[in-house]
Every structure is written in C-alpha cells, then in structure tokens.
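Reading through the structure tokens given below for one structure.
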Amino acid sequence: MSELTVPFVDLKQEYVTLKREIDDAVSAVLERTSFILGAEVSSFESEFATYCETEYAVGVDSGTAAIELALRALGVGPGDEVITAANTFIATAFAISHTGATPVLVDVDPKTFTMNPKLIEGAVTDRTRAVIPVHLYGQPADMEPILSFARDRDLWVVEDASQAHGARYNGRRVGAFGDAAAFSCYPSKNLGAYGDAGIIVTSDEEVLVKIRMLRDQGQAKKHHHELIGHNHRLDEIQAAILNVKLKYLDRRNASRIEIAARYRSLLHGLPLVLPEQALDREAVYHLFVVRSKNRDDLKNELGDRSIGTGIHYPIPIHLQPAYAHLGYERGDFPVAEMAANEILSLPMFPTLDPQQIEYVAQAIATSLERIGSASPSQS
Ligand SMILES: *Cc1c(COP(=O)(O)O)cnc(C)c1O
C-alpha cells in the first residue's frame, strides 16, 4: 500500500465542507453587533436541550466551567467531597477543586474505562455531596447502578459528557440522567466550536436559574447581583458556529461509529485489545482506544509511518503533582494505572476515509509483528 499521512484529528475538512454556512452565521453576528448572550446563544441552548432530551441548557465558555457551575448550582462547595473516576481528563477534578470541594477518585472498569460503580461505596464519607461519572471516549458510564446508589445516599449526580455528545445509554441520550450534565465544546470534541465553549443541561428549574446567574456575574437581572458570580458566558460567535454544527452532529457521530466498526473488523485477531461494546450503550467514539503491552513501541512505529496517535491519558490524576496533596500513591488505582501504560488512541474523526483506515490497520499489523508483541494483560 502506498504511503499516506493520517493525522490523529483533522478539523479542516469539516470547515471546508461547511464554509458557506459557517461564514454566513459568523457574519450575521458581526452585522447584528449583539455579541453577548444574544439570539445565537439562546437558540443553541434550546436546540441543545431538545437534542439531549432535557428541559433546559445554559451555554458557558468551557467544559471545565460547565462542571464547576453545575456543582456550585447544586450547592457543592468548601468542605464537601465529590467522587469521580480516576481515569478522566484532569479538568473534571479541577472543576471540583474550583468549587472549594475535594475530588475523591474511584478506579474504572477494566473493560469500559468508565467509573466502576461497585467502588463508589468505599469512597463515600459523610462529606460526600456528589458523584461525577464521565462518559469517557464517547462511551456512556454505567448510569443505572450509579444513579440508584446516588439516590439511596442523597448524592447529586453531575454527568461529565464532554466526550459523548449524542451517546445513548438504554436508549436515552447522555446528559438526561443526572441532576445536571456538563459538555465541553472544545474544537476537537464531537460537537466542537472554533474556540473554547461548553454547555450545561438540566431539567431542574432551580438549577437552571442558579447556573444562569453564576455564569453572568451573579445577576438575576441587570445590576442586581444575587450571588458572587463569574464571567463564564458562552460567546455569541461560538454559539453561531455551534448552531450550524449541531445540525450535522448525528451524521458525524454515525460516521465515527462506522469508522469504529471498520477498525474492529480490520484489527480483529491482532494481539491488541479493542474497545468494549456494551450492549446497553451506544458509544459515539470521541476516541477509538486500543490497548497493547507494547504501546510505546507501537506508537513510535505508527509515528514513523506518518500516523498520528494519542494517549488519553498518560499520567493518571492521582499521580499528577497538582494533586500530590490528596495523598494518593502509585498502586491506589490499578486499572487507571494499567490504562495509562497500555492505551493508545488511533486516528478518529468523521472524515477519516476507508483508505486511511486500512492504512492504519495494516501499519498496526506490520508494527506489532516487528515488535514481536507480547499479549495484553487482560482481554
Ligand atoms: C475536554 C474535557 C473537559 C474540559 O473541557 P474544556 O472545554 O477543555 O474546559 C472535561 N472533562 C472531559 C472528560 C473532557 O474531555
């Protein structure tokens, strides 16, 4: 097969395809000069709430802010503890810390790499106020046991759906399960802006009202500041772009699902662990994450063949200097630590073409042969 270049992610092709629509939407905002919390933000909020099968949505300026404001609106603050998964993007934990609460980690399930519901109980103390399951890589967390545990213990549930716009669990969209859910619209996410953006969904009107105040200087109405607020407003230009892109989200997720299926059939039989497909969940493959004992060699070999890959994430949260004060040690979360050593994210974006997928699969087969791969630790 001829040499190709396969980037890890490609945002350009989408823009080329949607250029007229996006440019028109941005120009319209510039012409209206209504730059802050205008018609595009309101429209995106109502469309996205409908999309997620929730009552309300509030646009904010990042996924990190979305998690923080959802927690704050639920009353989480200093002295509280919030449980989340040990294998997530560190922003989930930072958002907890920004409220003044303490993140408490639990290990993930070795098949799905989402929060292991059986481990939550052991992490609960009388300070625990909320649980944040993360729908990592586009794969919904196991919501049923998490929700029923949280209900029993009177804990809030805030979903971190930053990697899973449109994914379903038991037929329902993620975001519709918790007391609130946070989405990042960072450019490379399944629904990405052309800059930083995020959105919170909820069906609780009280939470809605509080989040609206918190994102906009604590105002109930102009110059009436009820709470110590933030400036975490969603930018009007980004909202205009997101309104265009939301219309294509299902189609683009369908492409990701097709690409994942192609990878599965081409990589089948290789000494590599492929991502789990849980029958009660429809994953939207923000990332396609495989596992190999020889991950670092494999990553290098693929790099030599001009194939971009990533590791999500190479250093677990509990081993990051920022969280040294939490007192965790190596060995505390063995599954997250195993993942950090073995996972590799393959190129994944909706316009990845069949020739590129085949090239990646063939390069993986050749590389594994060269490396003389050992078999993975668990399958
Ligand atoms: C991207 C991401 C975030 C943070 O979102 P930003 O928009 O970058 O602030 C939080 N959690 C997860 C799981 C993410 O993937």
Quick shape check on the stretch 127-258: root eigenvalues a ≥ b ≥ c of the Cα gyration tensor, a/c under 1.5 is rounded, otherwise prolate if a/b tops b/c, else oblate, and it reads oblate
Compute the length gained on full extension between Leu279 and Lys12: take 0.36 nm times their separation in residues and subtract their Cα-Cα distance, giving the result in nm to one decimal.
92.8 nm
So, for the Cα atoms of the stretch 52-132, Rg and Dmax in Å stand at 13.1, 35
Given a Förster distance of 22 Å, the FRET efficiency implied by the Cβ-Cβ spacing of Arg127 and Val209, rounded to the nearest 0.05, works out to 0.25
FRET efficiency (Ala261, Phe94; Cβ distance; R0 35 Å; to 0.05) is 0.50
What longest range of the chain stays clear of loop-exposed GluC sites (Glu not before Pro) (DSSP non-H/G/I/E/B, at most 11 other C-beta within 10 angstrom)?
4-328
Net dipole in debye of the stretch 231-379 [+1 Lys, Arg Cβ; -1 Asp, Glu Cβ; about Cα centre; nearest 20]:
300 debye
Additional length obtainable on full extension of the chain from Ser148 to His268, 0.36 nm per residue less Cα span:
39.6 nm
Compare Ala339, Ala363, Ala70 in a GNM of the chain, Cα atoms joined below 10 Å, and give the one with the largest fluctuation.
Ala363
Give the residue from Gly269, His135, Gln163 lying farthest towards the positive end of the charge dipole for the chain; charges sit on Cβ (+1 for Lys and Arg, -1 for Asp and Glu) and the dipole is referred to the Cα centre.
Gly269
For the chain, set up a Gaussian network in which alpha carbons nearer than 10 Å are linked by springs, and say which option among Val29, Val76, Val158 fluctuates the most.
Val29
Calculate how many DSSP beta bridges within the chain are antiparallel, expressed in % of all such bridges and rounded to the nearest 5.
60 percent
Could you calculate, for the stretch 237-295, the ratio of the Cα radius of gyration to the Kirkwood radius, expressed as Rg to Rh?
1.12
Mean separation of Cα pairs under 8 Å and 6+ residues apart, divided by the residue count of the stretch 181-304: what relative contact order is that in percent?
18 percent
Under 1.5 on a/c is rounded, so check that first for the stretch 312-368, then, if it is not, pick prolate when a/b is larger than b/c and oblate when it is not; a ≥ b ≥ c are the square roots of the alpha carbon gyration tensor eigenvalues.
prolate
Given Cβ point charges of +1 (Lys, Arg) and -1 (Asp, Glu) and nothing else, what value in debye, to the nearest 20, does the dipole of the stretch 23-134 about its Cα centre take?
480 debye
Spin-label model distance (nm) - Ala322 vs Gln219, 7 Å beyond Cα toward Cβ:
3.0 nm
What's the longest piece of the chain with no exposed trypsin sites (Lys or Arg not before Pro), counting a site as exposed if DSSP puts it in a loop and it has at most 16 other beta carbons within 10 Å?
1-110
From the helices alone, meaning DSSP H stretches of at least four residues, give me the mean residue ellipticity at 222 nm for the chain, per-run term -39500 (n - 2.57), in deg cm²/dmol to the nearest 500.
-12000 deg cm²/dmol
Gain on full stretching of the segment that runs from Asp353 to Asp23 - 0.36 nm per residue minus C-alpha separation:
116.2 nm
Three-way shape call for the stretch 208-337 based on the alpha-carbon gyration tensor, with the a/c threshold at 1.5:
oblate
Count of Lys pairs (Cα-Cα under 25 Å; at least 8 positions apart or interchain) in the chain:
15
Label-point separation (nm) for Ile36 and Ser188, each offset 7 Å from Cα along Cα-to-Cβ?
3.3 nm
With equal scatterers on the alpha carbons only and no solvent term, can you work out the Debye log10 of I(q)/I(0) for the chain at 0.11, 0.13 1/Å?
-0.77, -1.06
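Just so you know, all these numbers are worked out from the coordinates, no wet-lab data involved. As the structure is a computational prediction, the values presented were derived from the model and not from experiment. Note that we place each Cβ from the backbone using ideal geometry, even for glycine, and neighbour counts take in every protein chain shown.
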